[in-house]
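Reading through the structure tokens given below for one structure.
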Amino acid sequence: MVFRRIFQRPHTRTMLLFSIVLALLCFVIVLYPMSTSVVQRNFETQSIAVESRRSEYYVLNRNFFEFLSRTSMECLIQVEPGEKWSGKAVVETKLIDNDVSQYEQSAEAETAKADLRDVPGNAGDLQAKYILVYRHFEQLGKTTENLIQLAAVAKRWGRLVVQPDVQNSRFSLEPGFRAYPLDTYFNVTSVNELLLANGYSQLVKLTNFTRDCSYAKFGIKTSIIHFLYSDVHRGNTKSWFGINDKELREIVEKSLSSGWTECDFKNSHLSVGMSLDGIQIGRQVCVNPEVMRTEKAFEDNVLRGDKCVIFLEWRGFGKQRAHFSPRFWPFLTPAEVKHRMSPSSLIDQEVINFLQSKLTSNYISVHLRTERLFVANMHKKLQFCIDHVVQLVSIVRSLRGVDAVFLATDLTDFGSDLFDRRKFYITNATGEHLILRQDIADIHTKLARRLNAVTYKPTRKPFSKDKGIFSLVEMNILKRGIDLITLGRGTFHAWTVSVFRQHQAEIGRRGYTISEVCGNVNQLR
């Protein structure tokens, strides 16, 4: 009766309803930081003055870290220089909830495994068709993704992909390529399960190809396909096949109408047939990827049902590459597949041995990828970025109560190919040497001393002789850190960040941080 009288008064009723709504709103605001449904939100953005490069103040404190530990969120810290390098840095801190995305990805993978167990076209199938890549393009991070992209379109074509050999972060099946099998880098059995679960073709050994494509046994001729990529590397076509500029122009012109043309190069310029036992070369086709842009057209007009096909060079999808665009949803994209590829048992055991002998259970991971800074002629700005890395390490050390740091960079002899030249140097306009190869290595050494960091220095084969093995060991040490601090950007950087995130999810660790310093090369100019 009393409530009825109160609600009969308009003014009183309005005030009461307003109070209820306000109370609910306050309740939601109080609980908001604990929400697990937030995908991403800004925590704070602030410009920070730099005083003699030593006095830095970040929006990080013990209360913030305690808050992180009570949530499932990741803290992403991005540090970039201010305008015109005026002595300021912009620090942006974001909170990202990975719980939902991790659950959804796991559910999708399990669904895919259930749906694709009986997909035909596995190794050992008498009707199997193959694609073998003779020369792969680029280094480990990108060339691995290119291989997975090929596995995506190969599945649409009903074909298996031949495993490449590996050496120093490169993939190839060329003669004279003193290499290791692919399972030196990755657990190929696990990789094939991942590929199958996500609708990709599997990777098979070279022996499958040479056995099923034998001319002597089956009378099968192998077709060779060469992509006329639209860049300066067309010079490769001339050198590989012994043709001149005029002949190359004629081939390109013939390919413009349909996207492909027969190009019967002299077999003396093709070492393919001689390097693969029992293989007889048949059709030789040049494909213009700027014209031939769909998987269906390529299958109908170029592959033509041939059982055995060799791509002389494969670069994956994108600019100055192939333009095939298969759909991946709801399965993993090639980059996501690559980020989930398990390392080989050789690499896993090396990581375990290193951690047991060199590092404690809790350490901070620091990873530098400087190649793009040097390519963009930004090496003079590198010290600014390194100073920020040192400051972040100091802060995280203090707040975590952890002293151990593991450092990995691309500045050592096992790093970027850019520095892997005996005569590498940077000069000014007058030709004066500004920085030499040894100066690059010294940056790594000096930073390791400033951080009192542990580094990976293998002394036995194959770890001390192969860049790819070395890089994968470092990546799998980095992912086990409690926080990750990076400098620079690139394909390998993205791979490292992704495997770090996945490891944190696998062990159920909460409230970790990922810091990215000087990741925007364009902003550094």
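Throughout, read-outs are computed from the coordinates displayed, never taken from laboratory work. What you are looking at is a predicted structure, and each value in this text was computed from that prediction instead of being measured. Cβ: placed from backbone, ideal geometry, glycine included. Neighbour counts: every protein chain shown.
Of note:
- Peptide packing for 195-205, 67-77 was compared via the average number of neighbouring C-beta atoms within 10 Å per residue; ordered from the highest value, the list is 195-205, 67-77.
- The orientation-averaged projected area of the convex hull spanned by the Cα atoms of segment 175-254 comes to 9.0 nm².
- Cα radius of gyration and Dmax for segment 313-377 (Å): 18.3, 47
- At R0 = 41 Å, FRET efficiency that the Cβ-Cβ distance of residue 257 and residue 177 yields, to 0.05: 0.70
- Stokes-Einstein diffusion coefficient of segment 127-340, Kirkwood radius over Cα pairs, 37 °C, 0.692 mPa s, in µm²/s: 187 µm²/s
- Near-label residues of segment 449-470 by backbone N, under 17 Å of a point 7 Å along Cα→Cβ of residue 360: 451-455
- Entry note, segment 127-340: relative contact order of 30 percent, from Cα contacts under 8 Å with a spacing of 6+ residues.
- Among the listed pairs 142/461; 381/457; 205/307, those beyond 19 Å (Cα-Cα): 142/461; 381/457
- Cβ-defined net charge surrounding residue 222, 15 Å radius [Lys, Arg +1; Asp, Glu -1]: +4
- For residue 215 and residue 275, the FRET efficiency from 1/(1 + (r/R0)^6), where r spans their Cβ atoms and R0 equals 22 Å, is about 0.95.
- Cα-projected label distance for residue 457 with residue 507, points at 7 Å along beta-carbon direction, nm: 2.5 nm
- All other residues whose Cβ lies under 12 angstrom from that of residue 464 are scored, Lys and Arg at +1 and Asp and Glu at -1, for a net of +2.
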